[in-house]
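The values are calculated or read from the model by the stated rules, or taken from the named source; none is laboratory data. Fair warning: this is a prediction, and the values are worked out from it, not measured in the lab. A quick note on method: Cβ atoms are made from the backbone with ideal geometry, for glycine too, and the neighbour counts reach across all protein chains shown.
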Amino acid sequence: MASSVRRFAAVLLPFALAACLNYADYSLAAYTNATEAKAQSLALIEKATGSYSANRDAADAVLLKLDQGYEFSAGVRDNEEATYMWDRLRSRSGYMVGGFVEFWRRERPGGMAKDSAFLREYRDNIADAFDRLICLEANKGKPAKCPVPQPN
């Protein structure tokens, strides 16, 4: 009985360890993309107290940065989780950067109140998602417990 348990554990152990690893190699460019995109995205949220039209260029620049991050990530083998996070951040629907820009453009083109709970929730959701992405990028090839973004 004990030997069958050891054999079973020996077979399962590599799978259990593999589930905790990021398979793609570490890339300074990927890490830099994520940290820069986070800073630019959070700065854009601060600009949302003004009109969308006055900040269209900044919004377009952030959306382009997210598309670039996604394309870079999608081109890396065994990088599905990071690519998923980039796609989620750039999506025009939902509660991440792309969805925020769409909401601002369509629903609040004149801007939003600086102290609004709405801006705070978007900022928190986006920061949490970027924190996970940055953790994934910083810990490529190493077991890491990166935070899972929780919608507010």
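In the range 41-59 there is no residue that is touching a Phe, Trp or Tyr at 6+ places or on another chain (Cβ under 8 Å), at pLDDT 95 or above, within 23 Å of residue 25 (Cβ to Cβ) and among the hydroxyl-bearing types (Ser, Thr, Tyr). Taking the range 60-95 as the range and being basic (Lys, Arg), in contact with an Asp or Glu (Cβ under 8 Å, 6 or more places away or on another chain) and either in a helix (DSSP H, G or I) or buried (at least 17 other Cβ atoms within 10 Å of the Cβ) (or both) as the test, the residues that pass are 65, 90. When residue 79 is tested against (1) polar (S, T, N, Q); (2) touching a residue at least 24 places away in the same chain (Cβ under 8 Å); (3) in contact with a Gly (Cβ under 7 Å, 6 or more places away or on another chain), just one condition goes unmet, and that condition is (3). The set of residues in the range 96-126 that are in a loop (DSSP other than H, G, I, E, B), more than 14 Å from residue 46 (Cβ to Cβ) and polar (S, T, N, Q) is empty. Condition check: of a type in the set (Lys, Arg), under 16 Å from the mean Cα position of the chain (by Cα) and at pLDDT 85 or above. Does residue 65 satisfy that? Criteria met by residue 65. If you check 138, 129 for being touching a residue at least 24 places away in the same chain (Cβ under 8 Å), among the small types (Gly, Ala, Ser), closer than 14 Å to residue 27 by Cβ and surrounded by 14 or more Cβ atoms within 10 Å (Cβ to Cβ), only one passes: 138.
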